[in-house]
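Down below is the structure, laid out as structure tokens.
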Amino acid sequence: TSGPEFEILRGWLDNDGIKGKEEQLQADWKPLGRWMNAGFDKLTAQTRSVEIAQNRNGSITIAAVHRHTCRNSDMGFDNRHRYTIFPNGRIAVENRFAIDPSLPDVPRLGMAMVLPADFEKLEWFGPGPHETYCDRKAGAPVDRYTSTVTDQYVPYILPQEHGNKVDLRWLALSDAEGMGLLISGSPLFSGNASHFTPRDLIAAYHTNELEMRPEIHLHVDYMQRGLGTSSCGPDTLKKYLIEPGVYEQTYVLQPFTVGQDPGLLARAR
């Protein structure tokens, strides 16, 4: 297990740009070209400060400031993260992301973490049962859904992002015995769980080139960029972009054990 770590990448979508076409990897008229030109594919992290405080209620707060710079550039992201760890194992997370004004809009804004392979059961309360995006959710009723991490993969011929979920009230991953991790947001959040990383999807040009990882890669996002229709039409509408600016995100990570209902735990938070 590892993380949370800052993440802006997603598996490139055909609507972002066709990665097999060299001109679309370099042209500013495609989102993919703008992202590659900005150096989003490789960020360098620098820790500016870390502070640890013991609170009167028994909790511990860890506050960290990081600077992430883009490949071959001084441009980047100034991020502040605050983790309050309670005696019962709950972790309250506060993120503040600041995108340099000279950068283009980003494909994703959030945090990524790695969970054990046993956490295969996936439950969520939000739109479903299929994948949704901020501009592709009208046909997805809000309900409580159950699936698996493996079933989140969509075998697009050209490997792409998959399994995204928007407007989540909560999301839970658990093992066969019923032990797991609950993520509950305030306000709503986006996220997905997969056996592939965004970089796995970016590197592969055919589905059969992908090798499933045993561990689970969880994304808890402020937002993922809308899809738009740019593979053969207009780009994503402005209101569905993540443009330079300051964004704040809060959520709670909470372990649960056998016999506990993640939905009830989320309501009691």
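General observations
- Neighbour counts of other Cβ atoms within 10 Å put L237, L265 in the fewest-to-most order L237, L265.
- Cα gyration tensor category, rounded, prolate or oblate, for segment 77-231 with a/c compared to 1.5: rounded
- Each Lys and Arg adds +1 at its Cβ and each Asp and Glu adds -1 at its Cβ; summed about the Cα centre, segment 2-268 shows a dipole of about 680 debye.
- Principal semi-axes of the equivalent ellipsoid, √(5λ) from the alpha carbon gyration tensor of segment 161-267, are 28, 22, 10 Å from largest down.
- When the Cα atoms of segment 67-154 are aligned to their principal axes, the ranges along those axes come out at 43, 40, 23 Å in descending order.
- Listed by Cβ neighbour count within 10 Å, with the fewest neighbours leading, T148, T47 appear as T47, T148.
- Cβ-placed point charges (K, R +1; D, E -1), dipole of segment 135-192 about Cα centre in debye, nearest 20: 200
- The listed peptides 241-251, 219-229, ordered by packing as a protection proxy, come out as 219-229, 241-251 (highest mean of other Cβ atoms within 10 Å first).
- Segment 2-268 - convex hull of alpha carbons, volume per residue in Å³: 128
- For segment 1-149, the mean projected area of the C-alpha convex hull, equal to one quarter of the hull surface, is 12.0 nm².
- Positive contributions from Lys and Arg (+1) and negative ones from Asp and Glu (-1), summed over other residues with Cβ under 10 Å from the Cβ of K137, come out at -1.
- Candidates A140, T47, P104 compared by Cα position along the dipole of segment 35-173: farthest toward the positive end lies T47, with charges placed on Cβ.
- For the listed residue pairs K19/K121; K19/K238; K30/K239; K30/K137; K42/K121, the alpha carbons are over 29 angstrom apart in K19/K121; K42/K121.
- Integer Hz, Karplus 6.51/-1.76/1.60 couplings in order for segment 108-116, x for Gly and Pro: 8, 9, x, 10, 10, 8, 10, 10, x
- Residues K30, K21, K239 in ascending order of nearby Cβ atoms (within 10 Å, fewest first): K239, K21, K30.
- Between segment 44-100 and segment 188-218, the alpha-carbon center distance in angstrom: 25
- Straight-line reach from K165: taking Cα to Cα under 17 Å and skipping same-chain neighbours fewer than 8 places apart, the aspartates and glutamates in range are E7, E120, E123, E131, D135, D143, D151, D221.
Just so you know, all these numbers are worked out from the coordinates, no wet-lab data involved. No experiment lies behind these values; they were computed from the predicted model shown. All Cβ positions, glycine included, derive from the backbone under ideal geometry; neighbour counts span all protein chains shown.
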